[in-house]
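Colleague: Got a structure for you, questions after.
The values are calculated or read from the model by the stated rules, or taken from the named source; none is laboratory data. Just so it is clear, the structure is predicted and the values come from calculations on it, not from any experiment. Every residue, glycine as well, gets a Cβ built from its backbone with ideal geometry; the counts of neighbours run over all protein chains shown.
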Amino acid sequence: MKLTRRDFATFVAGSGAAAALGQLARTASAAPNGSYRAMVGVFLFGGNDGWNMVVPTDSRYAGYAGSRGTVALAQARLTALDGSAYALHPAMAALNPVWAEGAMNVVLNAGTLYAPLTKATYQSRSDLRPTNLMSHSDEQAHWQGLRARSDNFDGFMGRLADRASQPAMPSLISLGGSNLAVIGQTSSPLILPSTGTLSRTGFTAGATAKNAAIDAFASAAGMGTIADVTAKQITAAYTQATTANTILTASSGVDAFFVNPTTGAALTSDVSRQLLRVARMIEARSALGHDRQTFFVTQGGYDNHSAQVNADTATGTHANLLGDLAMALAAFYKAMKSMGLAENVTAFTMSDFGRTFKGNAQMGTDHAWGSNHLVISGNLRPKLAHGIYPSTVLGGSDDISSEGRFVPTIAQEEYLGAIARWHGVADSDLSYVLPNWSTWTAGGRGPLGLFA
C-alpha cells in the first residue's frame, strides 16, 4: 500500500509522538492586533441536546414544555441568564458567573447548511440539502470539515494551520486525537493525551537491543534519501514529545482552578483534564514560540436515545455530561483570567447535530439538525444570544418532521467564521479555511457579531 503524506502524519500521531511534517506553502495570518490569540473548540460527540442546554424563559417556555414532553425541564430549576430571555440547564450553574461577567454568549439554532434553507426549500430542493443529514459520521465530518455536500479529507483547524506561520512546535494542538478538524493539507497537529505523557511506541525499559534498533531507525544513517527524510520527521516528533512532556509534568498554578466550585475537589472528568492541559500549553506559549494557538477538545456520550433524563428531568445522563462540561469550562475561564488572558482566548462548543425537540417514550431524544451552542471569551460583546429560537410547534414552520427537527438559521460558517476572523485569519484566506465562505458573505449574511 502506498503511504501518502497524510497516512504518515496519521501514523506518527497515532504512535503517541507528535506529528511533525514540514510546513509548506504557508502565509502569515493577519492579526487584528499584536496580541496573542487562542481558539479552543470543544466537540460534544453524539449530538448534544442543545434545546435542554439553553431554554427560553419568556412566553415561549410554555411551548417548550408542551412540545418537549418527557424530557422538559421545570422552569423553576433552570439557571437563569440575567438580562436575557434564556436560561441554562440546572447542571450548568457553574457557568452563571461567566455569563454575569459578560464573558459568555449563546448561539441559537446553528447547524450544517450548504445554502440558506427554509422548510419549503428543504422540501423542494434536495440539491441544496447537506448530504446524509442526521448521520453521526457525516455530520461530524460536516462540522469539522465544513463541506456539506462533498467529501471531507481535511478540517477547518488544519486548514487554518496551513495558512499560519508555525514554529518548530505545532501551534495546532489536539487533546481529542487525530480528528478530522485538525488535519491540514500541508500541516499536522501536535496530539496530546488527556492523561500521562507521550512515549515512543515499542520503547521498553531495559530492552537495550530493541531500543537501539528504534534509535537507529530514527537516525537512518546511510539508508538513503527517503529514509533520511523520514528519520528527520520522526526525530522532530520525538523532540516535540520531550518538550510537551516537560510542560505536562511541571508544576503549574493553573491546576488550582480546576476544582469543583462547591466542594473544592479536583475535577477528574476527561473534558476537564483536556482543558487543564490546554491551559498548561497556553501558559507555556512564550516558551513554545506561539503567538497564535488552536486547540481541539472532545467530550463524548451525548447520543442519548434513552435515559437522557431521570424521573426528575433535571438529573440523568445529560445532566451529568453538562455538569462536567460547565465546571470544566468555568475552571478554564478562571485559569485564563489568572494569566490575564481572558480576552485573548475563545472557547466554543460544536456537536454532530441537535436532538429532536419532542422527547421519546424512553425518556430520551433522537437525531435531529439545528442546535444551540456556547461561546466563552472575555472579548465578547456581553450577554448576547445570537440568532432566532425556532418555533416550538411540532410540524410547524421550522420543523422538517413532526418531532422537532429544526432547519438551522445560523450556518457553521457564520459561527466558526466569526471566531476564525477574531483569531487572525486574513480575509483572503477565509475561503480556504471555510470552503463555502462565499455563500455566507452575500445577501446580507456574514459572520456573527460575537466580539467587541
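Colleague: For LYS358, indicate whether it is out of contact with any strand residue (DSSP E or B) (no Cβ under 9 Å at 6 or more places or on another chain), among the basic types (Lys, Arg), under 20 Å from ALA93 (Cα atoms) and modelled with pLDDT of 95 or more.
Modeller: no
Colleague: Among the numbered criteria (1) in contact with a Pro (Cβ under 7 Å, 6 or more places away or on another chain); (2) among the aromatic types (Phe, Trp, Tyr); (3) in a strand (DSSP E or B), which one does TYR389 miss?
Modeller: Every condition holds for TYR389 apart from (3).
Colleague: So, in the range 311-333, how many residues would count as being part of a loop (DSSP other than H, G, I, E, B) and either closer than 27 Å to MET281 by Cβ or of a type in the set (Gly, Ala, Ser) (or both)?
Modeller: Qualifying residue count, the range 311-333: 3.
Colleague: If you don't mind, there's one more thing I want to ask. Which one is nearest to the chain's Cα centre (by Cα), of the residues in the range 97-127 that are over 24 Å from ASN436 (Cβ atoms) and among the small types (Gly, Ala, Ser)?
Modeller: Restricting to residues being over 24 Å from ASN436 (Cβ atoms) and among the small types (Gly, Ala, Ser), the top hit is ALA103.
Colleague: Considering only residues that are touching a strand residue (DSSP E or B) at 6+ places or on another chain (Cβ under 7 Å) and surrounded by fewer than 24 Cβ atoms within 10 Å (Cβ to Cβ), which ones fall in the range 332-345?
Modeller: Within the range 332-345, just ASN344 meets the criteria.
Colleague: Given the conditions (1) in contact with a Lys or Arg (Cβ under 7 Å, 6 or more places away or on another chain); (2) surrounded by fewer than 22 Cβ atoms within 10 Å (Cβ to Cβ); (3) on the phi > 0 side of the Ramachandran plot, report the number of the one that GLY443 does not fulfil.
Modeller: (1)
Colleague: Being among the hydroxyl-bearing types (Ser, Thr, Tyr) and assigned to a helix (DSSP H, G or I) is the filter here, so list the residues in the range 334-349 that pass it.
Modeller: Answer for the range 334-349, where residues must be among the hydroxyl-bearing types (Ser, Thr, Tyr) and assigned to a helix (DSSP H, G or I): just SER338.
Colleague: State all residues of the range 45-62 that are surrounded by 18 or more Cβ atoms within 10 Å (Cβ to Cβ) and either of a type in the set (D, E, K, R) or in a helix (DSSP H, G or I) (or both); if no residue qualifies, say none.
Modeller: Answer for the range 45-62, where residues must be surrounded by 18 or more Cβ atoms within 10 Å (Cβ to Cβ) and either of a type in the set (D, E, K, R) or in a helix (DSSP H, G or I) (or both): ASP49, GLY50, TRP51, ASN52, MET53, TYR61.
Colleague: Here is a check on your reading of the model: is VAL259 aliphatic (A, V, I, L, M), touching a strand residue (DSSP E or B) at 6+ places or on another chain (Cβ under 9 Å), under 25 Å from LEU44 (Cα atoms) and in contact (Cβ under 8 Å) with a residue 60 or more places away in the chain?
Modeller: Considered against the rule, which asks whether it is aliphatic (A, V, I, L, M), touching a strand residue (DSSP E or B) at 6+ places or on another chain (Cβ under 9 Å), under 25 Å from LEU44 (Cα atoms) and in contact (Cβ under 8 Å) with a residue 60 or more places away in the chain, VAL259 comes out as yes.
Colleague: While we're on this one: Collect the residues in the range 308-342 that are in contact (Cβ under 8 Å) with a residue 60 or more places away in the chain and closer than 21 Å to PHE451 by Cβ, keeping them in residue-number order.
Modeller: Scanning the range 308-342 gives LEU329, ALA330, PHE332, TYR333, LYS334, ALA335, MET339, LEU341, ALA342.
Colleague: Name the pairs whose Cβ atoms lie under 7 Å apart, with the first residue in the range 274-297 and surrounded by fewer than 22 Cβ atoms within 10 Å (Cβ to Cβ), the second assigned to a strand (DSSP E or B), and 6 or more positions between them or separate chains?
Modeller: ARG285/GLN293
Colleague: In addition: Among the listed residues SER377, SER351, SER391, identify the single one that is more than 17 Å from the chain's Cα centre (by Cα) and among the polar types (S, T, N, Q).
Modeller: Of SER377, SER351, SER391, the one residue that is more than 17 Å from the chain's Cα centre (by Cα) and among the polar types (S, T, N, Q) is SER391.
Colleague: If you don't mind, another one. If you check LYS358 against the conditions, is it touching a residue at least 60 places away in the same chain (Cβ under 8 Å), part of a loop (DSSP other than H, G, I, E, B), in contact with a Ser or Thr (Cβ under 8 Å, 6 or more places away or on another chain) and surrounded by fewer than 19 Cβ atoms within 10 Å (Cβ to Cβ)?
Modeller: no
Colleague: What do you reckon, is ILE376 touching a strand residue (DSSP E or B) at 6+ places or on another chain (Cβ under 8 Å) and surrounded by fewer than 24 Cβ atoms within 10 Å (Cβ to Cβ)?
Modeller: no
Colleague: So LEU73 ticks every box in (1) within 20 Å of ALA311 (Cα to Cα); (2) hydrophobic (A, V, I, L, M, F, W, C); (3) in a helix (DSSP H, G or I) but one. Which box is left unticked?
Modeller: The number of the failed condition is (3).
Colleague: In addition: So, in the range 397-440, how many residues would count as being surrounded by fewer than 18 Cβ atoms within 10 Å (Cβ to Cβ) and aromatic (Phe, Trp, Tyr)?
Modeller: Counting residues in the range 397-440 that are surrounded by fewer than 18 Cβ atoms within 10 Å (Cβ to Cβ) and aromatic (Phe, Trp, Tyr) gives 1.
Colleague: List every residue pair whose Cβ atoms sit under 8 Å apart, with the two residues 6 or more apart in sequence or on different chains, where the first one lies in the range 366-393 and is more than 19 Å from ALA100 (Cα to Cα) and the second, anywhere, is modelled with pLDDT under 95 and assigned to a loop (DSSP other than H, G, I, E, B).
Modeller: So the pair list comes out empty.
Colleague: Scanning for something closer than 30 Å to PRO97 by Cα and at pLDDT 95 or above, does the range 239-247 turn up at least one residue?
Modeller: no
Colleague: Looking at (1) in contact with a helix residue (DSSP H, G or I) (Cβ under 7 Å, 6 or more places away or on another chain); (2) crowded, with 22+ Cβ neighbours inside 10 Å; (3) hydroxyl-bearing (Ser, Thr, Tyr), which is the only condition SER252 fails?
Modeller: With (1) in contact with a helix residue (DSSP H, G or I) (Cβ under 7 Å, 6 or more places away or on another chain); (2) crowded, with 22+ Cβ neighbours inside 10 Å; (3) hydroxyl-bearing (Ser, Thr, Tyr) applied to SER252, the lone miss is (2).
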